[in-house]
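The values are calculated or read from the model by the stated rules, or taken from the named source; none is laboratory data. These numbers come from a predicted model, not from an experiment. Backbone-built Cβ (ideal geometry, glycine too); neighbour counts: all protein chains shown. Side chains included, ligands, DNA and RNA excluded: accessible areas come from the protein's heavy atoms. Shrake-Rupley method; radii C 1.70, N 1.55, O 1.52, S 1.80 Å.
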Amino acid sequence: MHVDVIAIFPEFFTSPLDCSILARARQSGAVTIAIHNLRDYTNDKHQVVDDYPYGGGAGMVMKPEPLVQAVEHLLAEAPPETPVILLSPQGRPFDQAKAEELSTRQHLILICGHYEGVDERVRETVVTEELSIGDYVLTGGETAALVVIDAVARLVPGVLGNPASAGSESFAGGLLEYPHYTRPAQWRGMAVPEVLLSGHHENIRRWRRQQALYRTLQRRPELVASIQLSEEDKQLLAELEEDTDSR
Ligand code: 9D3
């Protein structure tokens, strides 16, 4: 997969994309990422990328011409139907299903918004979809682009060593994860649950499923409501209601 990012602060991306799994993905060639400085697509001496809003009001608006020049330049080298994604607070909420969908694409173009917003005609001209990463206010679209790149890149085949680790976790199964423990078995007076030391794989599987259900019910009840519970799930939940020990 190739990702082009258009930003006014290209330096923002250097360390996050040069660390850990993303650095390895780039070195291996499974994911290539190019950061483009929006100012390189201006035609004036001062490389101006923003201007005052028509109608007045606070803040500045990103000018359409540099953004559209940048996108058109990148689209010329991209496969047909390449998504052009604007990161903005007005976008559809980004989620795991969207990450999975994007991970199947050969090429993505991400536009990081800044200032009060982007001239509406950029959407009409080149943007194919608009994504938000959640209902909180960021300083700009760069952090959102990093979130999207991180969530999508790890799903690209070959990026994670073990293909199972991409799937069997929070959200992939629709539930939050069960609690994890490692050595020592006793630590600061706290014991690892007995069942995990028992070697009884079926009991461990049931305990983990029950814990995942319990946690999700406590913390994210809307997720439990959105999945299809098996007969075993219903039994595990009923057990929790009668038995304070299994919580
Ligand atoms: C007071 C009006 N603000 C809209 C909520 C203006 C505004 C704030 C922050 C305009 C742009 C921004 C910068 N944010 C993004 O570009 C952004 C974002 C976000 O703030 N939250 C969640 N997802 C995203 S994606 C891009």
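For segment 36-45, state whether one or more residues are within 22 Å of the chain's Cα centre (by Cα) and without any contact (Cβ under 8 Å) to a residue 60 or more places away in the chain.
Here is the first cut: in segment 36-45, the ones within 22 Å of the chain's Cα centre (by Cα) are 36.
Now narrow it down to the ones that are without any contact (Cβ under 8 Å) to a residue 60 or more places away in the chain: 36.
The answer is yes, given that some residue of segment 36-45 is within 22 Å of the chain's Cα centre (by Cα) and without any contact (Cβ under 8 Å) to a residue 60 or more places away in the chain.
Would you mind telling me which numbered condition in (1) closer than 17 Å to R123 by Cβ; (2) within 15 Å of the ligand (Cβ to nearest atom) M60 fails?
For M60, the failing item is (1).
Restricting to segment 96-115, name every residue that is among the charged types (D, E, K, R), out of contact with any Leu (no Cβ under 8 Å at 6 or more places or on another chain) and surrounded by 14 or more Cβ atoms within 10 Å (Cβ to Cβ).
R105
Filter segment 106-115 down to the residues that are closer than 17 Å to L146 by Cα and more than 16 Å from the ligand (Cβ to nearest atom) and list them by number.
Filtering segment 106-115 down to residues closer than 17 Å to L146 by Cα leaves 107-114.
Result: H107, single match.
Closer than 30 Å to V159 by Cα and away from the ligand (no atom under 15 Å from the Cβ): is that true of T42 in this structure?
no
Counting only residues that are more than 15 Å from the ligand (Cβ to nearest atom) and of a type in the set (S, T, Y), which one in segment 76-105 is farthest from the chain's Cα centre (by Cα)?
T82
Of everything in segment 150-189, what is under 26 Å from L237 (Cβ atoms) and at pLDDT 95 or above? Give them in sequence order.
Those that are under 26 Å from L237 (Cβ atoms) and at pLDDT 95 or above: L175, L176, E177, Y178, P179, H180, Y181.
Please count how many residues of segment 116-158 are open to solvent by 60 Å² or more (accessible area, probe 1.4 Å), within 15 Å of the ligand (Cβ to nearest atom) and assigned to a loop (DSSP other than H, G, I, E, B).
So the count comes out to 6.
Can you name the residue in segment 188-228 that is closer than 16 Å to L175 by Cβ and free of Cβ contacts under 8 Å to residues at least 12 places away in the same chain and is also nearest to the chain's Cα centre (by Cα) among such residues? If you could, list the steps in order and put the result at the bottom.
As a first pass, look at segment 188-228 and keep what is closer than 16 Å to L175 by Cβ: 205-228.
Keeping just the survivors that are free of Cβ contacts under 8 Å to residues at least 12 places away in the same chain gives 205, 218, 221-222, 225, 228.
Numbers: R205: 29, Q218: 24, P221: 21, E222: 20, A225: 23, Q228: 24 Å.
Residue satisfying both the conditions and the ranking: E222.
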